[in-house]
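S.K.: I am attaching a structure below and will ask some questions about it afterwards.
What follows draws every value from the coordinates through simple rules; no lab data is involved. Bear in mind that the values here come from a model prediction, so they are computed numbers and not experimental data. For neighbour counting, all protein chains shown are included, and Cβ atoms are generated from backbone atoms with ideal geometry for every residue, glycine included.
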Amino acid sequence: MGRRQTGETCPAGPVPPITTGDLQTEGLDGRAPTVQLLQDDATTKPPVLAAQDVTFTYPDGTVALHDLTLSLPEGSRVVILGVNGCGKTTLFLNFNGILRPTEGAISISGEPLRYGRQALRELRRRVGLVFQDPDTQLFAASVRQDISFGPLNLGWPKEDVRAKVEQVIEDTGLTELADRPTHLLSHGQKKRVAIAGVLVMEPEVIIADEPTAGLDPEMTRRLLDLLDALHRGGRTIAISTHDVELALAWSDHVVVMSQGQVLAQGHPVAVLTDDVLLREARLLQPILVSVYRQLSDAGILPQSAAVPRTASDLAALLARHTGPHASGAD
């Protein structure tokens, strides 16, 4: 199945939805069709991780990924967006070398993955995977011991490990928890420890599977603040989620998956204002997009106004166009 690349960049204002004429009408084996790849600023960056025509079939015959092609632009915040069961976790396990494609290839910095023991150890140092359930990732007696496990297992000098672990504990806000038994931590605290255990290995890329699942709003904010700080430090961050609000507000680049395939990838506004695409992926329209459209239809906001990505963006738009200093205001 061919993939069509539009070559369009995301405009500042509303993005018109793709019409049914833009959709490919035939899928493979009854699967959802691939729609298109929308270029954005992120797609001009070199890919740090890429999947090319990847199919993955589990031993029981379940096809979790089907002819999937996508890339993670270097230095970007990427959201892999899709409903449960669309293949997000399987994709991440292939990116980290835990699973190996049945067909196709994964590459890092343009080089195909190698699956020898030493090559995989180096891959997992460069690409840190944070599992959705932190209990599958934490097993040492205390927070400090758990964070220390990876580099000690690789034979790093103990003094170097000690210094690096203390720095990571500070960077991830775990100082007060450093000596606490891991089984006494809250779910959100465990997720931070899991990220710290990945971070201590100094990865270039961090991929986190549903990192905000099961977290309350405050813990979600703290976790995203941590990921933002890691991104500002030069790392590529990719997370999987089905949360369209999170994808709109947080990401530089969105990849939409359905039934093991990529439907579209590009700028979050271009992707998440596309009603046809969202229906194909069985995703809801972001609330802010819905509110923005209603305000535009009512003439409260001009049609040319940029689509807000956060509540603060919307408040600023309303202040600009309806406040006392708005154009045409008394």
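S.K.: Considering only DSSP beta bridges whose two residues both sit in region 94-243, what percent are antiparallel, to the nearest 5?
M.R.: Expressed as a percentage, antiparallel bridges in region 94-243 total about 25.
S.K.: Further question: Below 8 Å between Cα atoms, with a sequence gap of 6+, how large is the relative contact order for region 30-285 in percent?
M.R.: 32
S.K.: So, one more: Relative contact order for region 239-303: what percent, with Cα pairs under 8 Å and sequence separation of 6 or more?
M.R.: Here the relative contact order equals 25 percent.
S.K.: Something else: Using a Cα-Cα cut-off of under 29 Å, which lysines could be cross-linked to K158, ignoring same-chain neighbours fewer than 8 residues away?
M.R.: K190, K191
S.K.: Taking a ≥ b ≥ c as the square roots of the eigenvalues of the Cα gyration tensor of region 204-291, is the shape rounded (a/c under 1.5), prolate (a/b larger than b/c) or oblate?
M.R.: prolate
S.K.: If you take the beta carbon distance between I300 and D216 as r and set R0 to 45 Å, what does 1/(1 + (r/R0)^6) give as a FRET efficiency, to the nearest 0.05? Don't skip to the end; give the middle numbers.
M.R.: On the way: r = 33 Å, r/R0 = 0.73.
Once rounded, the FRET efficiency stands at 0.85.
S.K.: Continuing with this model, one more query. Assuming a ≥ b ≥ c are the square roots of the Cα gyration tensor eigenvalues, decide whether region 79-235 counts as rounded (a/c under 1.5), prolate (otherwise, with a/b larger than b/c) or oblate.
M.R.: Verdict is oblate for region 79-235.
S.K.: Relative contact order of region 82-138, please, whole-number percent, based on alpha carbon pairs below 8 angstrom and at least 6 residues apart.
M.R.: Relative contact order, region 82-138: 28 percent.
S.K.: How far is it, in nm, from the label point at L318 to the one at R117 when both lie 7 Å from their Cα along the line to the Cβ?
M.R.: Here the answer is 6.2 nm between the modelled labels.
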